[in-house]
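The values are calculated or read from the model by the stated rules, or taken from the named source; none is laboratory data. The shown structure was predicted, so the numbers you read here are calculated from the model rather than taken from an experiment. Ideal geometry is used to build each Cβ from the backbone, glycine not excepted, and the neighbour counts take in all protein chains shown. Accessible surface is based on the protein model in full, side chains and every heavy atom, while ligands, DNA and RNA are left aside. Shrake-Rupley method; radii C 1.70, N 1.55, O 1.52, S 1.80 Å.
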Amino acid sequence: MPSSPTGDRAGLRRLVSRLRDDLAQAQAAQRADYAAGGNAQRLLRDRANLVDAALKALWREARLPPSLCLAAVGGYGRRALFPASDVDLLFLLPDGVTSATERQLEELIGLLWDTGLDIGHSVRTIRQCRDEAARDITVQTSLLEARLVCGSRALFADFSRDMRARLDAQAFFKGKRLEQEARHIRFQETPYALEPNCKESPGGLRDLQTILWISRAAGLGASWPDLARRGFVTDAEARQLQRLEAFLENIRIRLHYLAGRREDRLLFDHQEAIARQSGIAAGKTRRASELLMQHYYRAAKSVTQLNTLLLQNLGAKILPEPDRTPIIIDRHFQMDHELLDACGEDVFAQSPGALLECFLLMQQRRELKGMTARTLRALWRARRLIGPEFRRDPRNRAAFIQLFQQKHGLADALRRMNQYGILGRYLPAFGRIVCQMQHDLFHAYTVDDHILMVVRNLCRFTMPEFAHEYPFCSRLMAGFEKRWLLYLAALFHDIAKGRGGDHSKLGMADARRFCREHGLAEEDTALVAWLVEHHLSMSTVAQKQDLADPGVARAFADLAGDERRLTALYLLTVADIRGTGPKVWNGWKGKLLADLYNVTLRLLRGAAPQQALGIAERQEEARRLLRYFGLRQGVEKTFWRELDTVYFLRHDAEEIAWHTRALYHRPASARPLVKARLPHIDEQGLQVMVYTPDQPHLFARLCGFFSRLGYSIAEAKIHTTRHGYALDSFMLLDPAGNLAYRDMISLIEHDLEARLLAPADAEPAASGRLSRQVRHFPITPSVDIRQTEQPGQYLLSIVAADRPGLLFTVASALDQHGIDVHTARIATLGERVEDNFLISGEELADTAALLRLETELLEKLQV
């Protein structure tokens, strides 16, 4: 067919202009109607119908050949068109279309964009659809929901028959199940992130859509009532699924409207507004946003429960296994097709202790891959049987302790127990923190989910398949007797969050009471209680205090008391930091903790403070490394004479050898030297050495330079040699993850040397926006300056919300007051920084001047 004449094109453009205005007005009216009534399904359906009408008008005006058709696919195909979602279209062509028709289609697709709709389109023949679906299950899923909008009914019928004929329900089920597993892993396998994705996260809309896609592909139903009629869910569960779907749809609709774009994450920016729009008001002690998120987490929890049940039931229908006689395990349970099955619907009512026994069996019998749907249903319904009498029963107490003493499966058991309400019923203190948000700017999950992640991390230290992640922790755990005590400590370490007061001490009291009630030996009780009370101590010392000070290590060794407690606390601390969020742990923090562990261990084994800090050993190891790199014996002597004891206390053997190799042959000159390298930890970050004649504003200038490159400073060691040279070391991290560390080495070395050749005032650091978390959960900054035991030296401690250029701001303020920085220990915990500086200067001895400095710092730290 020839291309449309110019007049037709002019008519199309007039139509597009009118449609753009009509669509905008109609969508505004739909938004107002939704705001008044809040009916999600009506809005989604009406939006799809509105777009249908616009597309039909354009199709008629375009006068395309009648052998073509236009189909809606994806969410638009199932009439679930969210406010900012793409309008997914399939232009379906017969074989052998002409080039003129192709030009017409190109023109029409361009005009579609001019209507203001966000179009996602594909142009395919039936054969091409078939090939794409065979290669990509995502395409196959989208085509599964295809719906004719306009054009050839015969062509669309041929397409539908071809898709159905070639759809392998078994392969589709397996593919969607694997796809869901991969998606869950991408979101850390938890629905309890503080800013969850209401579409993609576990427990989100996608988990519900996956079930309906599978059931539709297998011809088992296209709706929740369909599945209920076929017996895959009960009528009550079908109604619950409808309510859950509507809840999540309302969340997503409101997110799109608030953000003005496709935004599926429940960001802090939107939580309060969505709570307000949902009719949720703040309580006496909790924000409306916290109450909203608790509703969300409970809904997500129910979705994951029902998703598990339905996948299992659908799988049994789609992938039937040969009939087998169940294997009797005991009087309560049997194994049915590798699943744990309750022997009767009333097992838990008749024997409430079986509520714990079933989880114990899952740990003990590795051949069990899960629980049958009827067992999971019965478990959920029977959870309220756990009350004071159940908790006092010695048999149940013994069974609960046995869960922790098994070699395998504790983390999975506790997650299942939490998922089905058993854990919170048995430990009411745990029940109070289920779905509780944490607004401390570094925890990424709810309190209960964080606790279970810490238990999981400890369990991983025992597994050979994870030994490569943290080999030192794995070695320590292998030699630790009664490692189950560590799991108990992890369970209680944050259990008192949100009560007010010191959660470590409150949790310690809970842990001690639990241990005594459950018959633990006094020695074991003391260890668990001590770990809960001091679970933050090792992290605090390692990240905030100067290990070069013998008094710091001695005080920590006195706190630990013995090697067993030290090892237990180290393992718990590593697991705890790793469980706060995917971005909090890094290799540098791991090195700080390991250094503190090793120094303390030597002290506990009888070494003197100076021996424990290992200066002689460091120097000898540095000499060995120098020989390894081919330097002759004694080459270090001249350079080391310019360094004092403090230098050797603050640098490890690797750093000492690195500095010596770069500087042993370098005569005193005015030219600075900058060297950068990847650390030998896990190649996270950059180590930078700066050697230059000391000069004014040096520390502030260096902070500004690194900030402008996009780096944050994790640690700074500031040293002045005996002949007046600055020998400064920095550990740099890229918080955004955008910079290739290896590629930046030459740039830093060249540019920083060039800048240091010309002494100047410090240049401002890079500016940037505050994070969402800081805007919504601000931190009141604090500044504390106190004298150390060393004459003339002071410790400056700062707590503030993180922001670009923060360290430069502090360095500039100190520089203006003539304060020298000797070390800087930067602890960044998510969006919260806790920085400690060892400083000296004349003004610090003057009370009035000290007060002025503290006041000025507080003003500069205000967000």
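Test each condition in (1) farther than 23 Å from GLN305 by Cβ; (2) aromatic (Phe, Trp, Tyr); (3) in a loop (DSSP other than H, G, I, E, B) for PHE156 and report the one that comes out false.
(3)
Looking at GLN128, GLN140, GLN104, can you tell me which residue is out of contact with any helix residue (DSSP H, G or I) (no Cβ under 8 Å at 6 or more places or on another chain) and either closer than 21 Å to LEU58 by Cα or open to solvent by 20 Å² or more (accessible area, probe 1.4 Å) (or both)? If you could, list the steps in order and put the result at the bottom.
Values: GLN140 fails: out of contact with any helix residue (DSSP H, G or I) (no Cβ under 8 Å at 6 or more places or on another chain); GLN104 fails: out of contact with any helix residue (DSSP H, G or I) (no Cβ under 8 Å at 6 or more places or on another chain).
Of the residues listed, the single one that is out of contact with any helix residue (DSSP H, G or I) (no Cβ under 8 Å at 6 or more places or on another chain) and either closer than 21 Å to LEU58 by Cα or open to solvent by 20 Å² or more (accessible area, probe 1.4 Å) (or both) is GLN128.
Can you say whether THR308 is among the polar types (S, T, N, Q), in contact (Cβ under 8 Å) with a residue 24 or more places away in the chain and within 17 Å of ASN197 (Cβ to Cβ), as far as the supplied structure shows? Outline the logic, then answer.
Numbers: among the polar types (S, T, N, Q): yes; in contact (Cβ under 8 Å) with a residue 24 or more places away in the chain: yes; within 17 Å of ASN197 (Cβ to Cβ): no.
No: the conditions fail for THR308.
Filter the stretch 461-474 for residues that are farther than 15 Å from TYR570 by Cα and in a helix (DSSP H, G or I); which is least open to solvent (accessible area, probe 1.4 Å)?
PHE466
Which ones in the stretch 320-338 are in contact (Cβ under 8 Å) with a residue 12 or more places away in the chain and open to solvent by less than 40 Å² (accessible area, probe 1.4 Å)?
Across the stretch 320-338, the qualifying residues are ILE329, HIS332, PHE333, MET335.
For GLN170, state whether it is open to solvent by 20 Å² or more (accessible area, probe 1.4 Å), of a type in the set (S, T, N, Q), without any contact (Cβ under 8 Å) to a residue 40 or more places away in the chain and more than 30 Å from GLN25 (Cα to Cα). Full working, then the answer.
Numbers: open to solvent by 20 Å² or more (accessible area, probe 1.4 Å): yes; of a type in the set (S, T, N, Q): yes; without any contact (Cβ under 8 Å) to a residue 40 or more places away in the chain: no; more than 30 Å from GLN25 (Cα to Cα): yes.
So GLN170 does not fit the description; no.
List the helices (runs of 4 or more DSSP H) inside the stretch 608-711, counting only whole elements, that have at least 3 residues being exposed (fewer than 13 other Cβ atoms within 10 Å of the Cβ) and more than 36 Å from the chain's Cα centre (by Cα). First the steps, then the outcome.
On the way: elements: 609-613, 615-628, 637-640, 645-650, 653-663, 698-708.
Once the helices (runs of 4 or more DSSP H) in the stretch 608-711 are filtered for at least 3 residues that are exposed (fewer than 13 other Cβ atoms within 10 Å of the Cβ) and more than 36 Å from the chain's Cα centre (by Cα), what remains is 615-628.
If you scan the stretch 224-243, which residues turn out to be aliphatic (A, V, I, L, M) and open to solvent by 20 Å² or more (accessible area, probe 1.4 Å)? Break it down stepwise before answering.
Quick first cut of the stretch 224-243, residues aliphatic (A, V, I, L, M) only: 227-228, 233, 236, 238, 241.
Passing the criteria: only ALA236.
Of the residues ALA217, ALA146, ALA193, only one is in contact (Cβ under 8 Å) with a residue 12 or more places away in the chain, among the hydrophobic types (A, V, I, L, M, F, W, C) and under 25 Å from VAL447 (Cα atoms); which? First the steps, then the outcome.
Numbers: ALA217 fails: under 25 Å from VAL447 (Cα atoms); ALA146 fails: under 25 Å from VAL447 (Cα atoms).
Going through ALA217, ALA146, ALA193 in turn, the sole match is ALA193.
Does ARG565 meet the test of being of a type in the set (D, E, K, R), open to solvent by 20 Å² or more (accessible area, probe 1.4 Å), at pLDDT below 90 and assigned to a helix (DSSP H, G or I)? Break it down stepwise before answering.
On the way: of a type in the set (D, E, K, R): yes; open to solvent by 20 Å² or more (accessible area, probe 1.4 Å): yes; at pLDDT below 90: no; assigned to a helix (DSSP H, G or I): yes.
Taking the combined requirement at face value, the residue does not satisfy it.
Quick one: count up the residues across the stretch 352-371 that are part of a loop (DSSP other than H, G, I, E, B) and either of a type in the set (Gly, Ala, Ser) or crowded, with 22+ Cβ neighbours inside 10 Å (or both).
Number of matching residues: 1.
Yes or no: the stretch 78-98 includes at least one residue that is without any contact (Cβ under 8 Å) to a residue 24 or more places away in the chain, surrounded by fewer than 19 Cβ atoms within 10 Å (Cβ to Cβ) and part of a helix (DSSP H, G or I). Show your work before the answer.
Restricting attention to the stretch 78-98, the residues satisfying the condition of being without any contact (Cβ under 8 Å) to a residue 24 or more places away in the chain are 96.
In the following step, the residues that additionally are surrounded by fewer than 19 Cβ atoms within 10 Å (Cβ to Cβ) were identified as 96.
Keeping just the survivors that are part of a helix (DSSP H, G or I) gives none.
Looking for residues that are without any contact (Cβ under 8 Å) to a residue 24 or more places away in the chain, surrounded by fewer than 19 Cβ atoms within 10 Å (Cβ to Cβ) and part of a helix (DSSP H, G or I), one finds none in the stretch 78-98, hence no.
Taking interchain pairs and intrachain pairs at least six residues apart, which have beta carbon atoms under 7 angstrom, with the first residue in the stretch 40-62 and under 15 Å from THR115 (Cβ atoms) and of a type outside the set (A, V, I, L, M) and the second in a helix (DSSP H, G or I) and open to solvent by 20 Å² or more (accessible area, probe 1.4 Å)?
ARG47/GLN30
For the stretch 821-863, what are the residues that are at pLDDT below 85, under 15 Å from VAL810 (Cα atoms), among the aliphatic types (A, V, I, L, M) and open to solvent by 20 Å² or more (accessible area, probe 1.4 Å)?
ILE826, VAL863
Whether any residue in the stretch 498-509 is touching a residue at least 60 places away in the same chain (Cβ under 8 Å) and either part of a helix (DSSP H, G or I) or open to solvent by less than 10 Å² (accessible area, probe 1.4 Å) (or both) is what I want to check.
no
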